[in-house]
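Take a look at the structure set out below.
Computed from the coordinates by the stated procedures, all read-outs in this text should not be read as laboratory data. As the structure is a prediction and not an experimental result, all values here were calculated from the model. A quick note on method: Cβ atoms are made from the backbone with ideal geometry, for glycine too, and the neighbour counts reach across all protein chains shown.
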4 protein chains.
Amino acid sequence: MLTGRKFVFLGGDARQLEVIRQVTEMDASATLVGYDNLGESFLDTQLMPMSENVLADADAVVLPVAGMDNDGKVDTRFADEPLHLEPEHFAAMRPGTFVFSGIAGERLQSYCEEHQLRLVKLMELDEVAILNSIPTAEGAIALAMQHTDITIHGANVSVLGFGRCGKTLARILSAMGANVKVSARDPANEARIYEMGFTPISSGELDGLLGQDDIIFNTIPHPVLTASVLATVNKSCVVIDIASKPGGTDFRYAERRGIKAVLAPSLPGLVAPKTAGRIIGNTICRLLALE
Amino acid sequence: MLTGRKFVFLGGDARQLEVIRQVTEMDASATLVGYDNLGESFLDTQLMPMSENVLADADAVVLPVAGMDNDGKVDTRFADEPLHLEPEHFAAMRPGTFVFSGIAGERLQSYCEEHQLRLVKLMELDEVAILNSIPTAEGAIALAMQHTDITIHGANVSVLGFGRCGKTLARILSAMGANVKVSARDPANEARIYEMGFTPISSGELDGLLGQDDIIFNTIPHPVLTASVLATVNKSCVVIDIASKPGGTDFRYAERRGIKAVLAPSLPGLVAPKTAGRIIGNTICRLLALE
Amino acid sequence: MLTGRKFVFLGGDARQLEVIRQVTEMDASATLVGYDNLGESFLDTQLMPMSENVLADADAVVLPVAGMDNDGKVDTRFADEPLHLEPEHFAAMRPGTFVFSGIAGERLQSYCEEHQLRLVKLMELDEVAILNSIPTAEGAIALAMQHTDITIHGANVSVLGFGRCGKTLARILSAMGANVKVSARDPANEARIYEMGFTPISSGELDGLLGQDDIIFNTIPHPVLTASVLATVNKSCVVIDIASKPGGTDFRYAERRGIKAVLAPSLPGLVAPKTAGRIIGNTICRLLALE
Amino acid sequence: MLTGRKFVFLGGDARQLEVIRQVTEMDASATLVGYDNLGESFLDTQLMPMSENVLADADAVVLPVAGMDNDGKVDTRFADEPLHLEPEHFAAMRPGTFVFSGIAGERLQSYCEEHQLRLVKLMELDEVAILNSIPTAEGAIALAMQHTDITIHGANVSVLGFGRCGKTLARILSAMGANVKVSARDPANEARIYEMGFTPISSGELDGLLGQDDIIFNTIPHPVLTASVLATVNKSCVVIDIASKPGGTDFRYAERRGIKAVLAPSLPGLVAPKTAGRIIGNTICRLLALE
Ligand SMILES: NC(=O)c1ccc[n+]([C@@H]2O[C@H](COP(=O)([O-])OP(=O)(O)OC[C@H]3O[C@@H](n4cnc5c(N)ncnc54)[C@H](OP(=O)(O)O)[C@@H]3O)[C@@H](O)[C@H]2O)c1
Ligand SMILES: NC(=O)c1ccc[n+]([C@@H]2O[C@H](COP(=O)([O-])OP(=O)(O)OC[C@H]3O[C@@H](n4cnc5c(N)ncnc54)[C@H](OP(=O)(O)O)[C@@H]3O)[C@@H](O)[C@H]2O)c1
Ligand SMILES: NC(=O)c1ccc[n+]([C@@H]2O[C@H](COP(=O)([O-])OP(=O)(O)OC[C@H]3O[C@@H](n4cnc5c(N)ncnc54)[C@H](OP(=O)(O)O)[C@@H]3O)[C@@H](O)[C@H]2O)c1
Ligand SMILES: NC(=O)c1ccc[n+]([C@@H]2O[C@H](COP(=O)([O-])OP(=O)(O)OC[C@H]3O[C@@H](n4cnc5c(N)ncnc54)[C@H](OP(=O)(O)O)[C@@H]3O)[C@@H](O)[C@H]2O)c1
């Protein structure tokens, strides 16, 4: 339980509502800043304007997944204006206060260091990345369904990369009945790919290996679907690229060749904000309970 | 091979293009009626206006999945106007000519009987219904993803009915990580449900059994999701009803209770016209090759 | 509950112990005949010698899975001698008494008819056959493991027949990572085989289709693995034939060609007597509760 | 291809035959030492007695999986007597010669270092360990089937450890229809366990978590199934411990409590020597081809 803990939520989107629900159910209290238009109401929460006082009192400050930009701006879906965090807001927090953010830019990092705040970049935690791979994979598959005129069942599919997202994507696609190839760059990953019932291919030499594919899912944040690889791909093939911007696809060349290629960022929040919020909430609760 | 066989296609949608491709690849020839705006071109096919001559020559006439209505109207996506079939068109066909249609109304049936035409109602063939259950299931799942804010993985899901669609839906949902209950009304089906790793529930007494569900998929073409059952369902639950019109859900009551309920007809043609066309094409080819 | 119901168990093996446990947990009482060496003790049960009195009192008489042979002999693992049922024993039972047996020979059937006893041939019930397919499949797979020097994972496997056992076998083998072909003789079954992710082959023309197989499982109680089919099979291939005696394999020819072929009857009782007993017990309880 | 490469095989078991087959098919030549009773014959191989000359000529020397003990003894199934390797044998090999062994004792390691031989401990390679996890898991499951009277399907099963073997075991057991819990000690592994559809439990606090289990598979080479954990386990539960000797189970206490517990070493060679040999052969070929 988190009895007596004080949370401050600064902005956010549908995911935060789930986090607020979770921490208050664990008996914490929550102050919501930037939630003026919020329809719902929660136990043991109050809406407040941004102030140093509110922050001085916090055990944990929760920022949105996108965090704070380098100008101090924090987005919120629940108010008409974004929030702005100034140096004095960080100065007001007690040393040791948790600052939870999905990702963190330079400015946020340096403020937290300066004031000895415990910054947790949630999206970099392995457990969060693995759990987030589930809504990500479902979202990528939903996109693929939308952009093709065939079923996933029976489709020839490649998944590039066998990291946190690649493993989940490959497993679900195969379970749905696709013929799944997965690219990897070391023999241990190839062994696991084989054990899980997929066909291993080498990330290094994709040229010519993807020629029969109906759908390619890229998870590798490096230029792997180069023009020379895309030149060997079927024109009716659809590329769903979920790697972080700018993705791993030569989108210019894909368009020129007439291959549909979609860059698909931020799927968990889009596809399943409640699940995505629960993942964040669980991890925040776990970390605070460890204290 | 279908060398020398003559097909006449009367109207249709994207699915027919796949059928045309298949039969011409099997070396048949095809005459397309109602395809004036067709962009693509196919080997060994010619566009023709509707006429008795064209039909007199046919070994097989292929209507769209929806067939012909009782006024003789046949829809087509590839021309500005629908086609119209008159009694003399049927009279012109040779006895024994195959007439393929997805479903068939009274009028079409009686004309075919009268002129001894071999009418095949494709959607009533078990093999077609089973294969069509795949795009149907994927489409239903895509809809569920769109209408919920959670993932299929980890969701509590019920599938009502364990027929051709129910089996496929349950299998895919479970493979994706949902907790799947399936309703049936005889012990043999319950045994198979258990063997496949789902939880059997009784179709007869749904009251109270669906209270924890996040998503309910109905495949039973009878009023099973009655007001009294829906009254015990969670308000955040989403109902995807794929049973033939009017579905098995009391949509009025669902709306009143604030439960999102979607009637989702004709999924295969929407979601995966190419796959749906292949299914039809394969069966047509198989039946003609048996001759 | 089965409160007040009186069961008489006549002989049996480990499976019956599970049935006795179940019916007594449902509050029935049980009289055990032919259980003199029984180690365990159960609530509300008594050991008795065979007599007309015992039977006159019964609501349900439970025979072993193998039932009674045409000389009236009933086997028992829990006594030194088998039991013998005489005409007067059947005459003593009240009309309408349930007689549960796995299978039933001519004699047992005619006695039951004559005295208006409700004979239930458990193994012929679809629900029992489907549930029994699970221990059967596991036993067949255990045998295959024992007789091969390769893993099931990655093996080329054919399952002949897609009935109650064939479906279960194919599903488990595929889940374990085998490449599974399944034979069927109608297009609807082929469609389901494809939907479930296996490769359909035609039961009619097996010649030459099994040439790459490492293991063949036969479930068809007809001579399908004939000499001419076996002549095209790899010599290192192993055949596990679970079809009822004499199986569907030409064992003489298999031996001559040096192919290991095993006829494997009665797997559930061998492999998983407790599970097999539970299946029987559940069905008996369900049928009595319907009364 | 391995054209021109010279292999020397020193002793071994059925697995080596598969390796010999593979390297000779890749066009290498092989000299077999300790294979006097070998029934089969291979292309491009010769039987030879142990000698320095034979070894001087080798590009790669292949020892059995168990390697050489600290007295220089090397076991062989294909001769009446084991082989003995003396210091001069190592001295005779050219620097840079590959020495393949499953595992390696101190003595073997120091000789290889001294003479600059490239010792490869195959069983320590991640790719080999992952692929070997497949026959290991199948063997463990076969043992569980043999020692229980229930089916894997429907059984409550725990897998302790989520490393190379634990992942494979859990996946297969779940696919077969077991209810699978998996223990782990960090949140990232728990996340993956959840994603794959199993129930995560904490390795640290097993007390009381295993009370409903029918079968426990241990893969952790540490005392985890202690007396205090076993005291909370059902007496009919079966423990299959595959961790390296002495396993992770308090076998003395298990016996005292009447729990069947089996230590099961060396499963791949027992269960599927051909598959196990292929795994070794593939890796040897891959490593030599990299040269
Ligand atoms: N669109 C969304 O909604 C969404 C959601 C989650 C994540 N993402 C993004 O998706 C990407 C994958 O995320 P993740 O969590 O799966 O990351 P991850 O676990 O780090 O996996 C990355 C994969 O890429 C491979 N890889 C990296 N560099 C490579 C290179 N130069 N050549 C070949 N392979 C390379 C890695 O191989 P090794 O294992 O061999 O290193 C690994 O398989 C990231 O860019 C992440 O930001 C997007
Ligand atoms: N939306 C789409 O795109 C789409 C696509 C394909 C099919 N469909 C429609 O979906 C429905 C199901 O198709 P299907 O091919 O799966 O049909 P099906 O194989 O006939 O299955 C129907 C199921 O409903 C059960 N059922 C029927 N009447 C019932 C009743 N009164 N009470 C309880 N259960 C009952 C049947 O149970 P028993 O097995 O016990 O009889 C069976 O499990 C049909 O209406 C079909 O037209 C829609
Ligand atoms: N060894 C054991 O422990 C054990 C346990 C259970 C059952 N069994 C035996 O295993 C066999 C299968 O049992 P089951 O419950 O799966 O039976 P089932 O449901 O009746 O299935 C039999 C299968 O065989 C096919 N078949 C029958 N005759 C055929 C023929 N002439 N040519 C081609 N296919 C044919 C059927 O095809 P269609 O569907 O097209 O008719 C069906 O797929 C039976 O002999 C049964 O007694 C043995
Ligand atoms: N019987 C056979 O035929 C056979 C075949 C192959 C392997 N094996 C043996 O099986 C065992 C497992 O092999 P593997 O390849 O799976 O090894 P592995 O990949 O290293 O996995 C070992 C697992 O044990 C966990 N672990 C280690 N120490 C622990 C501790 N003190 N407390 C809790 N968890 C602990 C590890 O957790 P972390 O991931 O958190 O470190 C990991 O999950 C080894 O002993 C191996 O020699 C036997």
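Simple spin-label estimate for residue B:116 and residue A:71 gives 8.3 nm between the two label positions (7 Å along the Cα-to-Cβ direction from each Cα). Listing D:181, B:121 from fewest to most neighbouring C-beta atoms within 10 Å gives B:121, D:181. For chain D, with a Gaussian network of springs between Cα atoms less than 10 Å apart, report the residue from D:132, D:53, D:189 with the top mean-square fluctuation. Looking only at D:132, D:53, D:189, the largest GNM fluctuation is found for D:53. Sequentially through the range A:22-37, phi angles give Karplus couplings (6.51, -1.76, 1.60; θ = phi - 60°) of 5, 5, 6, 5, 7, 6, 7, 9, 9, 10, 10, 10, x, 10, 4, 9 Hz, Gly and Pro residues having no value and appearing as x.
Working note: Karplus 6.51/-1.76/1.60 with θ = phi - 60° gives the range C:168-178 the couplings 5, 4, 4, 4, 5, 4, 5, 4, 7, x, 7 Hz, where Gly and Pro are set to x. Against chain B, whose longest principal axis is taken from its Cα atoms, helix B:273-290 shows a tilt of about 60°. If you take the Cα centroid of the range A:44-89 and the Cα centroid of the range C:149-165, the two points sit 60 Å apart. Given +1 at the Cβ of Lys and Arg, -1 at the Cβ of Asp and Glu and no other charges, the dipole of the protein assembly as shown around its Cα centre is 20 debye to the nearest 20. Across C:34, C:204, C:277, mean-square fluctuation computed from a Gaussian network of chain C (C-alpha pairs under 10 Å connected) peaks at C:204. As a calculated quantity, the FRET efficiency between residue A:57 and residue B:236 at R0 = 30 Å, using C-beta atoms, amounts to about 0.35. In this label model, residue B:124 and residue A:290 are separated by 6.5 nm, measuring between points 7 Å along each Cα→Cβ vector.
The phi torsions of the range C:130-142, fed into the Karplus equation with coefficients 6.51, -1.76 and 1.60 and a -60° offset, translate into couplings of 5, 5, 5, 5, 5, x, 4, 5, 5, x, 5, 5, 4 Hz, rounded to whole numbers, with Gly and Pro shown as x. Remark: B:219, B:199, C:151 ranked as B:199, C:151, B:219, counting other beta-carbon atoms within 10 Å and listing the fewest first.
DSSP assigns beta bridges within the protein assembly as shown; of those with both partners inside it, close to 5 percent run antiparallel. Placing unit charges on the Cβ atoms only, positive for Lys and Arg and negative for Asp and Glu, gives chain C a dipole magnitude near 880 debye about its Cα centre. Residues whose amide H lies under 5 Å from that of residue B:100, counting only those 5 or more places away or on a different chain, are B:61, B:62, B:63, B:120; hydrogens are built 1.01 Å from N in the peptide plane.
Shape class of the protein assembly as shown from the Cα gyration tensor (axes a ≥ b ≥ c, square roots of the eigenvalues): rounded, since a/c falls below 1.5. Classification of the range D:123-254 by its C-alpha gyration tensor yields a rounded form. The axis ratio a/c (a ≥ b ≥ c) stays under 1.5.
Model label points for residue A:185 and residue B:26, set 7 angstrom from Cα along the Cα-to-Cβ axis, are 4.8 nm apart. Take the Cβ atoms of residue A:228 and residue C:109, set R0 to 60 Å, and the FRET efficiency comes out at 0.20. Length gained on full extension, residue B:46 to residue B:244: 67.7 nm, using 0.36 nm per residue less the C-alpha separation. Name the shape class, rounded, prolate or oblate, that the alpha-carbon gyration tensor gives for chain A, where a ≥ b ≥ c are the square roots of its eigenvalues, rounded holds for a/c under 1.5, and otherwise prolate holds if a/b is larger than b/c and oblate otherwise. Cα axes put chain A in the prolate bin. Here the dipole of the range C:160-258 is about 260 debye; that uses its Cα centre as origin and unit charges on the Cβ of Lys and Arg (positive) and Asp and Glu (negative). By other beta-carbon atoms within 10 Å, ranking D:230, D:83 with the fewest at the front produces D:83, D:230.
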